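First comes the structure, then the notes that go with it.
Where a number appears in this text, it was derived from the coordinates with a stated rule and is not lab data. Being a predicted model, the structure only gives us computed values, none of them experimental. Note: ideal-geometry Cβ built from the backbone for every residue, glycine included; neighbour counts use all protein chains shown.
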Amino acid sequence: MKKGKVFLVGAGPGDIGLITVRGLEAIKLAEVILYDRLANPKLLEFAPLDCELIYCGKLPHCHALRQDKINDLLVEKALEGKIVVRLKGGDPSVFGRVGEEAAALAEHDISFEIVPGITSGIAAPLYAGIPVTHREYGGSFAIVTAHDKSKEGKPSIDWEGLVNGIDTISFYMGVANLPFICESLIKHGKPSSTPVILVQWGTFGRQKILEGTLETIVQKAQFEKFENPAITLIGDIVSIRGKLNWFEKKPLFGRQILLARTGTEISEIAKELTEQGADVIEFPKWKKVSAPVDMTVMRNIHMYEKILFTSPESVTDFFTTLAEQEIDIRNVKAKLFGGSTKSTRELKKRGFVVDVADKMTDCKKLLIVGDDQLQKHNTEYTAQYGVHDLFITSFKQIDEQFIPILQRMLDEAALDTVVFPSSAAVQAFVEQAPVYGITAERMLRNLKIVCMGKKTWAAAETFGLNPDDMPENPTRQALIECLQKTFISTRL
Ligand code: SAH
């Protein structure tokens, strides 16, 4: 039997770009992933489609999976011969119980690897513009828990040692015990004017900070109802934040955007909006299942005069199928067309310089390539192009495993905008929202609705939605400018 293996992986603090190359490799190999609440769930999109995803965090109205149960599950899955990833927020060894998990695996002689991660106590301050050491402000840095197993949850710390020996301190799990921390530090000699910063959801687009001093921060945090997950950073270094604050200056920082999607991969728009500082939730989550190959079409591929590719994925799928069936590409005699500029771009990558479908004239033998949505539009194709054959490369289905994941992401977010990139995305959004236990109308309440173009705007209206804005032209740059503008107007 195949021997199982466990990777204990640090997911990094939030920004998915902060996972290590090794960590991402492990996710891509995984057959089972046990993940925590603080590991960004977007990383799970990199897992293989059939990977089992097990949530180990807290659920509403019930407790989190207990640690001994998690250890048992890791052992059980590995003994079944599976590749298991235990995905934890930040670094697995920083208040991550990796020691206990690794010990359980070692006890059962299960092979494991530990993949370090970037810890939030360093990354969250950096994304707030604060390095934890600096030649002029601090040569020592400590990671300290602000919570422990004692009765009242108050950590027993050598306060005197901390005050006298350490310049900068990062407290984890600290919000509830903030009064105790500040009081203890002052009592043991730390000046009450020492700067303090709280960084909540560090490295996410929704990162929030609160600045004060040991004397003022408690009241401020109570006033703002500041909550976990947050890092409490204490030390003179906090005062340089103004100069180095790079992340919060991104154009879309603070925006929480719902992006309606029709594709199965992370979209280019999502990547760009994230790059510009926004938190983006792509909704809904689809998965692609290969369709059985239509051998009649494949055998007769040389007979088609024209082939229309309805999406970039259809291009990839078509040429992959040809290769898998060992059909030489030179059997394709047809003139190729893309259904949109995105599809023509995909064809160009493969060396075909082609026109978009608008330029297509009638022909006898036309083949239309795409996913199972083609069947829905077949009468439109007949009206437009006359006789044709369909070549369906894949079926698109809602990814059931992601229903609870997306529900949790939506619960946790405070969305401000929805972006509809296409009319198909409007339709998909409205149709699929109920699968997630919520109507489209409810999900869109209080959100600004941005449509990528006139056709999309019209589609939104057909579904009874009232769009608010549209970029000047359908480019990503114009979309970013439009989103910046809508945010300013929302805030006024
Ligand atoms: N292993 C994790 C820490 C787990 S303990 C790491 O290395 O980061 C959980 C605590 O980590 C939270 O209570 C909070 O204090 C901190 N934390 C985790 N992710 C965070 C984030 N994105 N922003 C701020 N604090 C975070």
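Express in nm, to one decimal, how much length is gained between GLU160 and LYS58 on full extension, taking 0.36 nm for each residue of separation and deducting their alpha carbon distance.
Working: separation 102, 0.36 × 102 = 36.72 nm, distance 3.52 nm.
Length gained, GLU160 through LYS58: 33.2 nm.
Annotation: the residues ILE438, ILE33, sorted from fewest to most other C-beta atoms within 10 Å of their own C-beta, follow the order ILE438, ILE33.
In a shell of Cβ-Cβ distance under 9 Å around GLU211, excluding GLU211 itself, what net charge do Lys and Arg (+1) and Asp and Glu (-1) give? Mind dumping the intermediate values first?
Numbers: positive: LYS220, ARG241; negative: none.
Neighbourhood net charge equals +2.
Listing ARG330, ARG241 from fewest to most neighbouring C-beta atoms within 10 Å gives ARG330, ARG241.
At a Förster distance of 30 Å, what's the computed FRET efficiency of MET303 paired with LYS455, Cβ-Cβ distance as r, to 0.05? All intermediate terms of the calculation are to be shown ahead of the outcome.
On the way: r = 34 Å, r/R0 = 1.13.
So, using R0 = 30 Å, E works out to roughly 0.30.
In the chain, taking the dipole from charged Cβ atoms about the Cα centre, the farthest positive-side position among ALA123, PRO179, VAL84 is held by ALA123. Ratio of alpha-carbon Rg to the 2.2 N^0.38 Å globular estimate for the stretch 5-118, to two decimals, please. This ratio for the stretch 5-118 stands at 0.95. Using 0.36 nm per residue and subtracting the Cα-Cα separation, the extra length available between SER340 and ASP72 on full extension is 91.4 nm.
The ILE240 and HIS188 beta-carbon pair, evaluated with R₀ = 25 Å, returns a calculated FRET efficiency of approximately 0.50. In a shell of Cβ-Cβ distance under 14 Å around ALA102, excluding ALA102 itself, what net charge do Lys and Arg (+1) and Asp and Glu (-1) give? My count for the surroundings of ALA102 gives -2. Straight-line cross-link reach from LYS306 at under 17 Å between alpha-carbon atoms covers these lysines, not counting any fewer than eight positions away in the same chain: LYS333, LYS335, LYS348, LYS359, LYS364, LYS365.
If you look at the Cα atoms of the chain, you get an Rg and a Dmax of 26.5, 88 Å.
Let's see if you can work this out: charge +1 on each Lys and Arg Cβ, -1 on each Asp and Glu Cβ, no other charges. What is the dipole magnitude of the stretch 122-248 about its Cα centre, in debye to the nearest 20?
On the way: 12 positive and 13 negative charges, 51 e Å.
Computed about the Cα centre, the dipole is about 240 debye.
Ranking ILE19, ASN71, VAL418 by Cα position along the charge dipole of the chain, where only Lys, Arg, Asp and Glu carry charges on their C-beta atoms, puts VAL418 farthest toward the positive end.
With the simple spin-label model, which puts each label point 7 Å out from Cα in the Cβ direction, the GLU107 to GLN373 separation comes to 5.1 nm.
Between GLU136 and SER150, what length in nm is gained on full extension when 0.36 nm per residue of separation is reduced by their alpha carbon distance? Let's see the in-between values first.
Numbers: separation 14, 0.36 × 14 = 5.04 nm, distance 3.70 nm.
Full extension of this stretch gives 1.3 nm more.
Shape class of the stretch 122-248 from the Cα gyration tensor (axes a ≥ b ≥ c, square roots of the eigenvalues): oblate, since a/c reaches 1.5 or more and a/b does not exceed b/c.
To the nearest µm²/s, what D does Stokes-Einstein give for the stretch 140-194 at 4 °C and 1.567 mPa s, using the Kirkwood radius over alpha carbon pairs as Rh? The partial results should precede the final answer.
Working: Rh = 11.4 Å.
Rounded to a whole number, D works out at 113 µm²/s.
Taking a quarter of the surface of the Cα convex hull of the stretch 230-370 gives a mean projected area of 13.1 nm². Each listed q (0.11 Å⁻¹) maps to a log10 I(q)/I(0) for the stretch 51-126, found by the Debye formula over equal Cα scatterers with no solvent: -0.32. Going from the residue with the fewest nearby Cβ atoms within 10 Å to the one with the most, ASP355, ASP389 rank ASP355, ASP389.
Charged side chains reduced to their Cβ positions (Lys and Arg at +1, Asp and Glu at -1) give the chain a dipole of some 740 debye around its Cα centre. The loop-placed GluC sites (Glu not before Pro) in the stretch 397-463, going by DSSP, that have at most 12 neighbouring Cβ atoms within 10 Å of their Cβ come out as GLU400.
Give, as a single signed number, the net charge of other residues whose beta carbon lies under 13 Å from the beta carbon of GLU472, with Lys and Arg counted +1 and Asp and Glu -1. Show your work: numbers first, answer last.
Numbers: positive: LYS454, ARG476, LYS485; negative: ASP469, GLU481.
Value of the local net charge: +1.
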